[in-house]
Structure formats: structure tokens, C-alpha cells
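Here is the structure we will look at.
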Amino acid sequence: MIQVEVTKNNNETTSSVIRRFTKRVQESGIIRRAKSLRYSERAKSEYVKKKKALKRLSKRTETDRLRRLGKIEDAPYRK
């Protein structure tokens, strides 16, 4: 985490201090980094990956079983 600090000089107005602070914040890239991290997703844990893979495999085997029994038809091939 980057911290930006600005101290007020003797004859400086409050608005100029705020202007200097915002300029330093923009130069440091804090806002750009925060916006880029805003919508990023966490990496899936190994447990969640395995659970999803097992669910996918069980669903595939179930559809294959139903297909062999004739309960569902094969999907038509795309042309």
C-alpha cells in the first residue's frame, strides 16, 4: 500500500494543498490500481476445482447412461 502525504506550507491556502495532494495521488497510480482490482476475481481453490470437476464428470456419466437407455436423444451435429 502506498501512502501519499502532503504538508501545508506557511503561506499556502487549503485549496492549493488539496490540489497538490490530488496531483500526488494521481501520479502515484493508487486510483488506477484500485480501479483495475475492482472487478478482478479470486483464483478458485483446489477444493472448488475438484468439486466442480467431479460434478461435471458425474453429469456426463448420467447423460451417457440416459442416452444408452434411450431416454434422451443425441444432440444433432452442427453443420
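The values are calculated or read from the model by the stated rules, or taken from the named source; none is laboratory data. Being a predicted model, the structure only gives us computed values, none of them experimental. With ideal geometry, Cβ positions are generated from the backbone for all residues, glycine too; neighbour counts draw on all protein chains shown.
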Problem set entry | region 37-53: number of residues that are surrounded by fewer than 10 Cβ atoms within 10 Å (Cβ to Cβ) and either outside any loop (DSSP other than H, G, I, E, B) or modelled with pLDDT of 95 or more (or both) | 4
Problem set entry | Per-region count, region 3-32, residues over 36 Å from the mean Cα position of the chain (by Cα) and either small (Gly, Ala, Ser) or at positive phi (or both) | 2
Seminar exercise, completed: Going through region 6-36 in order, the residues found to be surrounded by fewer than 10 Cβ atoms within 10 Å (Cβ to Cβ) and among the small types (Gly, Ala, Ser) are SER15, ALA34
Problem set entry | Which listed residue is touching a residue at least 24 places away in the same chain (Cβ under 8 Å) and either part of a loop (DSSP other than H, G, I, E, B) or among the β-branched types (Val, Ile, Thr) (or both), from ILE2, ILE31, ILE72 | ILE2
Exercise. Hey, does region 60-67 have a residue that's outside any loop (DSSP other than H, G, I, E, B) and in contact with a helix residue (DSSP H, G or I) (Cβ under 8 Å, 6 or more places away or on another chain)?
Worked result: no
Exercise. Considering only region 28-79, how many residues are of a type in the set (Gly, Ala, Ser) and more than 30 Å from VAL6 (Cα to Cα)?
Worked result: 7
